[in-house]
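Engineer: Pasting a structure here, questions to come.
The values are calculated or read from the model by the stated rules, or taken from the named source; none is laboratory data. A quick note: this is a predicted structure, and the numbers were derived from the prediction, not measured. Every residue, glycine as well, gets a Cβ built from its backbone with ideal geometry; the counts of neighbours run over all protein chains shown. Quick note on the areas: whole protein, heavy atoms, side chains included, nothing else; ligands and nucleic acids left out. Shrake-Rupley method; radii C 1.70, N 1.55, O 1.52, S 1.80 Å.
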Amino acid sequence: MQRAQIRNGVMTITQQKTGAEVFVPVHPALARSIKAGPTKGLYLIGDKNGRPIARTTLSVLIAAATEAAGLPPECIAHGLRKAALRRLAEHGATSKEMQAVSGAKTLTEIERYTRQADQRRLAKAAISALPDKT
């Protein structure tokens, strides 16, 4: 992703798989990370000279980082997307909101990614939404 794809706090992403263009607001924590990172080059993640890296190279970097962090080997690059959607579900995002962020074509995809969302938290939120009338 090029830095120019972030304007006025919004990322513009074109999905490789579907070609869909997705607009996603930049979360404040991500904005801080981007600002703290190296600024050499046009790309958010690049080599030491600021040039873009291949998708396979990024996967290798993520694998090395997960190993260094002591995470299990099943923590792979694709899992980041699933984890983000799960966190959105746990914090009350609707399926349509998650679909907008992820660029998923169908709600079935969102359901597949969010099956393991925090069931207790969601159940508690659902029950607390009911009025207490006797």
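Engineer: Considering only DSSP states other than H, G, I, E and B, which trypsin sites (Lys or Arg not before Pro) in segment 63-134 qualify as loop sites with at most 11 other Cβ atoms within 10 Å?
Structural biologist: Here the sparse-neighbourhood loop sites are ARG115, LYS133.
Engineer: Averaged per residue, what accessible area in Å² does segment 45-134 show with a 1.4 Å probe, protein chains only?
Structural biologist: So segment 45-134 comes to 77 Å² accessible per residue, rounded to a whole number.
Engineer: Here is a follow-up. Highest GNM mean-square fluctuation, the chain, Cα pairs closer than 10 Å: which of ALA100, ALA117, ALA54?
Structural biologist: Result: ALA54 has the largest fluctuation of those listed.
Engineer: Counting other Cβ atoms within 10 Å, which GluC sites (Glu not before Pro) in segment 44-134 have at most 12 and lie in a DSSP loop?
Structural biologist: Filter output for segment 44-134: GLU74.
Engineer: Please give the Cα centre distance for segment 70-134 versus segment 1-65, rounded to the nearest Å.
Structural biologist: 23
Engineer: Right, something else. Using θ = phi - 60° and the Karplus relation 6.51 cos²θ - 1.76 cosθ + 1.60, list the HN-Hα couplings for segment 115-129 in order, rounded to whole Hz, with x at every Gly or Pro.
Structural biologist: Calculated HN-Hα couplings, in order: 3, 9, 4, 4, 4, 4, 5, 5, 5, 4, 5, 5, 5, 5, 6 Hz.
Engineer: Restricting attention to segment 10-55, which trypsin sites (Lys or Arg not before Pro) occupy a DSSP loop and are surrounded by at most 11 other Cβ atoms within 10 Å?
Structural biologist: For trypsin sites (Lys or Arg not before Pro) across segment 10-55 that sit outside H, G, I, E and B with at most 11 neighbouring Cβ atoms in 10 Å, the list reads LYS17, LYS48.
Engineer: Run through every distinct alpha carbon pair of segment 59-131 and return the Kirkwood hydrodynamic radius in angstroms, one decimal place. Each step should come with its number before you reach the end.
Structural biologist: On the way: mean 1/r = 0.0734 Å⁻¹.
For segment 59-131, the Kirkwood estimate is 13.6 Å.
Engineer: Considering the options ALA129, GLY79, LEU107, tell which one lies farthest towards the positive end of the dipole of segment 77-129, charges being +1 on Lys and Arg and -1 on Asp and Glu at the Cβ, about the Cα centre.
Structural biologist: GLY79
Engineer: Relative contact order for the chain using alpha-carbon pairs under 8 Å, separation at least 6, rounded to a whole percent?
Structural biologist: On the way: 115 pairs, mean separation 22.8, N = 134.
Across the chain, relative contact order equals 17 percent.
Engineer: Given a 1.4 Å probe and every protein chain left where it sits, what share in percent of the accessible area of the chain is carbon and sulfur?
Structural biologist: Solvent-exposed carbon and sulfur of the chain make up 59 percent of the total.
Engineer: Right, something else. With a 1.4 Å probe and all protein chains kept in place, how do TYR113, TYR43 rank by accessible area, largest first?
Structural biologist: TYR43, TYR113
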